[in-house]
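For reference, the structure discussed in these notes is given below.
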Amino acid sequence: MAGEESHLLTIRLRPSPILLASILAAHVAAGGVLLCMDLPFAPAALFEAMVVLSAVLAARAHARKRGVALILAADGALRIDHEGDGDDSAWGRVLPGAVVFPAVSWFALGWTTADGRKRRLYLMLIAAEVEEPDGGNSQWRRLRTWLRHRALRPLTAADDA
């Protein structure tokens, strides 16, 4: 992939407190519904523990967006740069099935590591998670445009070379 030669834009991410609050609210609601059900103690305790574990994992995944930069290339390649992670330089692609709406985008990234392992990362982003240096929403618009017109276009033989 020619990602490095055709660098286009760097988008920095940050966790959104609003999204975190909604994630935790959904887990609290699920836990509350379980408490209202007439279940024996053991299954109810197991399900509640699963809801708590799910909430913790979701909050950790959300917090990991801090210090992440998406480096977008004109040829549709993308690199994820973690703050302080100098050796994560594999360029990947957005996998088919991405959904891009004005308020939210869902997409999966795929790449091969230096040791030959295939990796995938699933992302859901909202506008509040994209750092905007000018205070507007230009970076969010540019990310959505890149997803639609660069990343989601069909690969050609030249792209695979």
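Tabulated values for the structure
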{"quantity": "Residue count, the stretch 82-102 (criterion: exposed (fewer than 15 other Cβ atoms within 10 Å of the Cβ) and modelled with pLDDT of 90 or more)", "calculated": "3"}
{"quantity": "Filtered residues of the stretch 122-158 (kept if hydrophobic (A, V, I, L, M, F, W, C), at pLDDT below 85 and in a helix (DSSP H, G or I))", "calculated": "Ala151, Ala157, Ala158"}
{"quantity": "Residue check, Ala49 assigned to a helix (DSSP H, G or I) and of a type outside the set (Val, Ile, Thr)", "calculated": "yes"}
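The values are calculated or read from the model by the stated rules, or taken from the named source; none is laboratory data. Nothing here was measured: the structure is a model prediction, and the numbers come from that model. Positions of Cβ are generated from backbone atoms using ideal geometry, with glycine treated the same way; all protein chains shown enter the neighbour counts.
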